[in-house]
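The values are calculated or read from the model by the stated rules, or taken from the named source; none is laboratory data. Note that this is a predicted model, so its numbers are computed, not measured. Cβ placement follows ideal geometry from the backbone for every residue including glycine, while neighbour counts extend to all protein chains displayed.
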Amino acid sequence: MTEVVWYKRNPFFKSIYKAQKQWRRKIWDVFEQAHYRRNVQRSYEAARRNIVVADEDYDKYLRDQLEETLLKKKLVGERRFAVIPLIDMLRSKHDFTGANVLCVGARNTDEIKYFRQKGANDVIGIDLFTDDPDLTIMDMHDLKFPDAKFDIVYSRHSFEHAYDRRKAAMEWIRVLKDGGIVIIEVPGKYKGGGDYNRFEETEDVLGAFRPYIGEFLWNEYSRKEENTDKMDIIRVMFHVNKKAV
Ligand SMILES: C[S@@+](CC[C@H](N)C(=O)[O-])C[C@H]1O[C@@H](n2cnc3c(N)ncnc32)[C@H](O)[C@@H]1O
């Protein structure tokens with residue numbers, strides 16, 4: 001049996017103990033909030049040095065994305081290796097040894113490390129926010145890369161954050177070589193914090209890339225009852241056909 005400490009046995013001291021605990025929590029929350037706000041502001045300023053903001057709506061979009069990313073930063077570590085299955089799915093269909101890979105909305109270095117570990121050559125991870133020197137601050141709608149630089153553009157749970165998915169898609173195709181591969185995973189029938197898109201079916205994703213879609217490597221709508229992700233998931237992988245038009 002666990003022993004109850006003396007101040008918890010007496011109702012008066014017990015209520016004082018509980019009150020001080022609650023106040024400590026509240027004071028801690030104030031400090032945490034202040035720290036979080038300062039980080040959002042710092043990241044916003046860093047993003048503004050690298051990202052062109054066309055108007056007020058886009059400015060709001062940028063802030064929304066930063067708020068969401070920084071809120072979830074605590075999850076880094078816990079979700080480590082969640083990125084691996086999608087890269088392994090690609091490996092089962094395509095040997096990317098020596099490939100140049102762009103990871104869009106990487107958030108942390110998990111994706112780029114795994115691609116490198118599995119033999120990719122030049123792997124670049126971009127995000128609106130990062131304090132990791134191995135990632136680059138860049139907007140998925142405005143890539144600072146020359147045409148046809150990459151063999152693969154990989155996006156796990158970032159396309160749903162696109163402000164303008166057609167614009168982002170056309171940028172990804174521009175930086176891909178003809179015959180290069182787009183890989184996208186997004187939630188189906190779901191719009192969470194920071195999401196600017198809700199995808200009802202795979203075509204909602206694919207439509208942004210038409211008519212440049214070539215041969216498919218993967219095209220799947222997986223319902224939550226059928227998978228281990230606890231949510232509907234859309235996964236598409238296809239070669240681009242840049243000569244389509
Ligand atoms: C849900 S996280 C996905 C992180 C990682 N790919 C994974 O699968 O764990 C989405 C990431 O996309 C980033 N993001 C949102 N809008 C972006 C944009 N316009 N350009 C680049 N990255 C963006 C966010 O900052 C966030 O880190």
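Numbers at a glance
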quantity: Verdict on V40 being within 20 Å of M138 (Cβ to Cβ), within 16 Å of the ligand (Cβ to nearest atom) and at pLDDT 85 or above; calculated: no
quantity: Filtered residues of region 231-245 (kept if surrounded by 15 or more Cβ atoms within 10 Å (Cβ to Cβ), aliphatic (A, V, I, L, M) and over 20 Å from G192 (Cβ atoms)); calculated: M237, V240
quantity: Options L206, L217: the member that is under 19 Å from C103 (Cα atoms), among the hydrophobic types (A, V, I, L, M, F, W, C) and touching a His at 6+ places or on another chain (Cβ under 7 Å); calculated: L217
quantity: Failed item, numbered, when T109 is tested on (1) over 24 Å from F145 (Cβ atoms); (2) crowded, with 16+ Cβ neighbours inside 10 Å; (3) within 16 Å of the chain's Cα centre (by Cα); calculated: (1)
quantity: Elements of type strands (runs of 3 or more DSSP E) contained in region 159-245, each with 1 or more residues being touching a Ser or Thr at 6+ places or on another chain (Cβ under 7 Å) and aliphatic (A, V, I, L, M); calculated: 176-187, 233-240
quantity: Residue list for region 147-158, filter: outside any strand (DSSP E or B) and over 26 Å from G188 (Cα atoms); calculated: D147, A148, K149
quantity: Of residues in region 137-169 being more than 20 Å from D55 (Cβ to Cβ) and hydroxyl-bearing (S, T, Y), the one nearest to the ligand (Cβ to nearest atom); calculated: S158
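This table checks each residue for (1) of a type in the set (A, V, I, L, M); (2) farther than 27 Å from D147 by Cβ.
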{"residue": "E200", "(1), (2)": "no, yes"}
{"residue": "Y212", "(1), (2)": "no, no"}
{"residue": "L217", "(1), (2)": "yes, no"}
{"residue": "R223", "(1), (2)": "no, yes"}
{"residue": "E226", "(1), (2)": "no, yes"}
{"residue": "D232", "(1), (2)": "no, yes"}
{"residue": "F238", "(1), (2)": "no, no"}
{"residue": "V245", "(1), (2)": "yes, no"}
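So that you can scan it fast, the table gives a plain yes or no per residue for (1) hydroxyl-bearing (S, T, Y); (2) in contact with a helix residue (DSSP H, G or I) (Cβ under 7 Å, 6 or more places away or on another chain); (3) more than 13 Å from the ligand (Cβ to nearest atom):
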site: R91; (1), (2), (3): no, no, yes
site: G98; (1), (2), (3): no, no, yes
site: A106; (1), (2), (3): no, yes, no
site: I112; (1), (2), (3): no, no, no
site: Q117; (1), (2), (3): no, no, yes
site: D127; (1), (2), (3): no, no, no
site: L135; (1), (2), (3): no, no, no
